[in-house]
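Working notes, structure below.
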Amino acid sequence: MLNKVLIIYTGGTIGMVQDENGSLHPFAMERIYDAVPQLKHCSYDIDSCQLQNIIDSSNMTPAFWADIADIIEREYNRYDGFVVLHGTDTMAYTASAISFMFKNLTKPIVLTGSQLPLGMLRSDGRENIICALEIAASKRVRIPEVCIFFESHLYRGNRSTKVSAENFDAFKSYNYPSLAKAGIDIIYKEHLFLPMPTEPLRVRKVFDTRVAVLKLFPGITREVVQALLSAPDLQGVVIETYGSGNAPTETWFIDALEAAIARGILVMNVTQCKAGAVKMRQYAASCEMDRIGVVSGHDITMEAAITKMMYLLGAYPDNKAHVNKRLEESIRGELNGLAGD
Ligand code: ASP
């Protein structure tokens with residue numbers, strides 16, 4: 001019996017056409033089959049569906065994540081794997097969000113897209129879709145993870161980040177090796193996969209969006225920091241700090257964070273560096289944050305950090321202590337945990 005894959009089309013450049021003014025607009029799923037006729041002749045069964053609204057992924061919201069999750073949950077037992085066609089701009093956020101929503105995943109969910117629309121001759125989309133499908137349909141290797149396939153590499157979704165608005169290799173995973181590489185053969189690195197779970201699948205789709213990202217820069221003012229931290233009903237903040245998790249030691253800055261934490265706002269420390277980890281207390285410039293209860297994001301990406309915070313706040317609305325604890329631990333392979341700290 002052939003393996004079965006479901007393609008879920010959400011929008012993005014991969015499925016776009018140019019209007020008379022040269023702007024790109026999304027088109028319907030059937031056009032994808034015209035652009036990749038090879039899909040009609042592959043060695044696995046493909047079905048496809050699309051979100052009710054096809055979007056540029058700049059319009060992505062947790063409501064769309066829930067729609068994608070609804071489809072996968074409903075069809076979970078009928079398919080061996082899922083391919084989500086998605087715009088590249090927010091693909092790393094969606095991949096992270098889906099990874100958190102699906103606990104005990106036993107099947108691959110592979111997101112892919114392209115830098116050039118499928119309708120264009122030099123599009124990278126054909127290669128990306130065909131490889132993503134082959135990985136999702138593989139009988140030999142089962143990946144129990146949410147992944148991104150882009151330009152020859154399969155990455156863990158919640159470790160990925162978009163790094164280029166121009167190159168075909170638009171994604172990287174700096175703090176975790178790729179899970180597979182497509183050349184003449186697709187070479188899988190099975191020792192890097194998450195373990196196959198034995199417990200049943202559990203899906204949670206509620207995200208709390210009362211969060212913010214505070215990116216530090218030399219010269220950031222007290223007014224800006226205070227304005228952000230006093231946003232009505234704010235529940236959590238990811239601070240993008242310098243280097244190994246360092247921030248200004250000025251009293252007004254630490255006091256503002258301490259007051260926010262005292263009001264019940266969770267504060268998570270993530271580095272602006274693309275590679276490497278937060279190491280609280282390595283420098284005096286992070287000791288104060290550690291003292292006042294800022295939690296370390298270790299080597300997590302910003303995309304995974306903010307979606308994880310929204311997910312945990314949504315999943316445990318009345319238990320901030322639990323959310324704080326889980327933010328520091330790996331729940332879906334998104335960080336290296338306490339190693340080195
Ligand atoms: N703006 C597009 C999107 O993210 C870009 C792309 O797909 O590459 O939907």
Review point. So what's the gap between the Cα centers of segment 29-95 and segment 252-312, to the nearest angstrom?
Key: 34
Exercise for review: Just subtract the alpha-carbon distance of SER23 and LEU39 from 0.36 nm times their residue separation and send over the number in nm, one decimal.
Suggested key: 3.0 nm
Point to revise | Size of charge dipole - the chain - debye, nearest 20, with Cβ of Lys, Arg +1 and Asp, Glu -1, no other charges | key: 800
Review point. Say each of ASP255 and GLN52 gets a label point 7 Å from the Cα, pointing the same way as Cα to Cβ; how far apart are those two points in nm?
Key: 5.0
Point to revise | Compactness of segment 245-298 - radius of gyration and Dmax, Cα, Å | key: 10.7, 32
Practice item. Mind giving me the nanometre distance, one decimal, between the label points for GLU328 and ARG210, set 7 Å out from Cα along Cα→Cβ? Key: 2.4
**Study point:** Under Karplus coefficients 6.51, -1.76 and 1.60, residue-wise ³J(HN,Hα) of segment 205-217 in Hz, glycine/proline x
**Key:** 10, 9, 10, 9, 8, 7, 9, 8, 10, 10, 8, 7, 8
Point to revise | Amide H contacts under 5 Å for PHE150, placed H, 5+ residues apart | key: TYR155
Practice item. Would you mind checking the tilt of helix 62-75 against the longest principal axis of the Cα atoms of the chain, expressed as 0 to 90 degrees and rounded to 10? Key: 50
Practice item. Provide the gained length on full extension for the span LEU121 to SER230, in nm with one decimal, where the gain is 0.36 nm per separating residue minus the Cα-Cα distance. Key: 34.2 nm
**Study point:** Surface/4 of the Cα convex hull for the chain, nm²
**Key:** 18.4
**Study point:** 18 Å Cα-Cα reach of LYS189 towards aspartates and glutamates, excluding residues that sit fewer than 8 places from it in its own chain
**Key:** GLU134, GLU145, GLU151, GLU334
Study note, to complete from the structure: If every Lys and Arg gets +1 and every Asp and Glu gets -1 at its Cβ, then about the Cα centre segment 252-327 yields a dipole, in debye to the nearest 20, of 180
Point to revise | For segment 125-139, Karplus couplings with θ = phi - 60° (6.51, -1.76, 1.60), whole Hz, Gly/Pro x | key: x, 4, 4, 5, 5, 5, 5, 4, 5, 4, 5, 5, 9, 4, 8
Exercise for review: With r as the distance between the Cβ atoms of GLN272 and ARG140 and R0 = 45 Å, compute the FRET efficiency 1/(1 + (r/R0)^6) and round to 0.05.
Suggested key: 0.65
**Study point:** Virtual spin-label span in nm between GLU199 and LYS4, 7 Å along Cα→Cβ
**Key:** 2.8
Exercise for review: Taking amide H positions as placed in the peptide plane 1.01 Å from N, state which residues far from THR271 in sequence (5 or more) or on other chains have amide H under 5 Å from it.
Suggested key: THR241, VAL278
Point to revise | Net charge, ASP47 excluded, C-beta distance under 15 Å - Lys, Arg +1, Asp, Glu -1 | key: +1
**Study point:** Cβ crowding within 10 Å averaged over residues, with 325-332, 155-162 ranked highest first
**Key:** 155-162, 325-332
Exercise for review: Excluding residues fewer than 8 places away in the same chain, name every one of the lysines whose C-alpha is closer than 21 Å to that of LYS320.
Suggested key: LYS103, LYS205, LYS308
Practice item. Report ³J(HN,Hα) in whole Hz for each residue of segment 77-88, in order, from the Karplus equation J = 6.51 cos²θ - 1.76 cosθ + 1.60 where θ = phi - 60°; Gly and Pro get x. Key: 7, 8, 10, 8, x, 10, 10, 10, 8, 8, x, 6
Point to revise | Calculated [θ] (222 nm, deg cm²/dmol) that DSSP helices of n ≥ 4 give over the chain, each run adding -39,500 (n - 2.57) | key: -8500 deg cm²/dmol
Exercise for review: Specify whether the C-alpha gyration tensor of segment 43-165 places it in the rounded, prolate or oblate class, a ≥ b ≥ c being the square roots of the eigenvalues: rounded for a/c under 1.5, otherwise prolate if a/b is larger than b/c and oblate if not.
Suggested key: rounded
Review point. Using the beta-carbon distance between GLU30 and ILE292 and R0 = 56 Å, what value does 1/(1 + (r/R0)^6) give for FRET efficiency, to the nearest 0.05?
Key: 0.50
Practice item. May I ask which residue of MET196, ALA260, VAL294 lies farthest towards the positive end of the charge dipole of the chain, with charges of +1 (Lys, Arg) and -1 (Asp, Glu) on Cβ and the Cα centre as origin? Key: MET196
Point to revise | Built amide H within the under 5 Å cut-off of VAL83, gap 5+ | key: LEU6, ILE7, ILE8, VAL110
Practice item. Multiply the residue gap between ASP185 and ASN167 by 0.36 nm, knock off their C-alpha separation, and tell me the result in nm, one decimal place. Key: 4.2 nm
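No value in this document is a laboratory result; all are computed from the given coordinates. Remember, predicted model here, so these are calculated numbers, not experimental data. Here the Cβ is made from the backbone with ideal geometry for all residues, glycine too, and neighbour counts use every protein chain on show.
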